[in-house]
Amino acid sequence: MSKIGIILLVILVILIIALVVLYFLGRKAQKRQEAQQEQINAMKQTVSMLIIDKKRMKIKESGLPQMVIDQTPKLLRASKLPVVKAKVGPQIMTLICEEKIFDSVPVKKEVKAVVSGIYITDVKGLHGKPIVAPAKKKNFFRRTLEKAQEKAGAKPIK
């Protein structure tokens, strides 16, 4: 066997080992995530709250209790979280929002939210109406691309 064949064989073996390790780590992480989701579903409750403010902030700057900051892994402390400041009853609380519903959370409006501890999992309007996320603005490139497609006849004119 030539040197190139041996080198390619060694690289192939290393890649196969890496894929097997990643597969088992992924399965373990998925089981852990399912267990956490079960805990969140078991503890959830519907609460009426007035949303004061929402931002993406680092966990140290968010105003969450020190115990929560201490329990987060060190790698996640530098990343930004979707944080919502809301008035629940007479007290103002800082809550963490789920990423997929963060854009649909209205500011300065009263909503019914499904809360599990300090984690907001779902938001509805006060009278059970679903809240529609505002449409995102299109950037310059997207607008010019759509105009060009309309002129070319590739896209129907609205």
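Evaluate the following for M49: is it over 30 Å from K137 (Cβ atoms), at pLDDT 90 or above and either surrounded by 12 or more Cβ atoms within 10 Å (Cβ to Cβ) or basic (K, R) (or both)? Please lay out each step first, then the result.
Values: over 30 Å from K137 (Cβ atoms): no; at pLDDT 90 or above: yes; either surrounded by 12 or more Cβ atoms within 10 Å (Cβ to Cβ) or basic (K, R) (or both): yes.
Taking the combined requirement at face value, the residue does not satisfy it.
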Among the listed residues E99, E61, E110, which satisfies the condition of being of a type in the set (D, E) and under 21 Å from Q39 (Cβ atoms)?
E99
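Take the conditions free of Cβ contacts under 8 Å to residues at least 12 places away in the same chain, out of contact with any helix residue (DSSP H, G or I) (no Cβ under 9 Å at 6 or more places or on another chain) and of a type in the set (D, E, K, R) and apply them to K112. Does it pass? Give the derivation first.
Numbers: free of Cβ contacts under 8 Å to residues at least 12 places away in the same chain: no; out of contact with any helix residue (DSSP H, G or I) (no Cβ under 9 Å at 6 or more places or on another chain): yes; of a type in the set (D, E, K, R): yes.
No; evaluated as a whole, the condition is false for this residue.
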In the range 89-104, what count of residues is obtained for those that are exposed (fewer than 10 other Cβ atoms within 10 Å of the Cβ) and within 23 Å of I69 (Cβ to Cβ)?
1
So L76, is it modelled with pLDDT under 90, under 22 Å from P106 (Cα atoms) and either out of contact with any Asp or Glu (no Cβ under 8 Å at 6 or more places or on another chain) or among the β-branched types (V, I, T) (or both):
no
For the condition closer than 22 Å to G125 by Cβ, surrounded by 10 or more Cβ atoms within 10 Å (Cβ to Cβ) and not β-branched (V, I, T), what is the one hit in K58, K54?
K54
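The values are calculated or read from the model by the stated rules, or taken from the named source; none is laboratory data. Just so we're clear, the structure is a prediction, and the values are computed from it rather than from any experiment. Note that we place each Cβ from the backbone using ideal geometry, even for glycine, and neighbour counts take in every protein chain shown.
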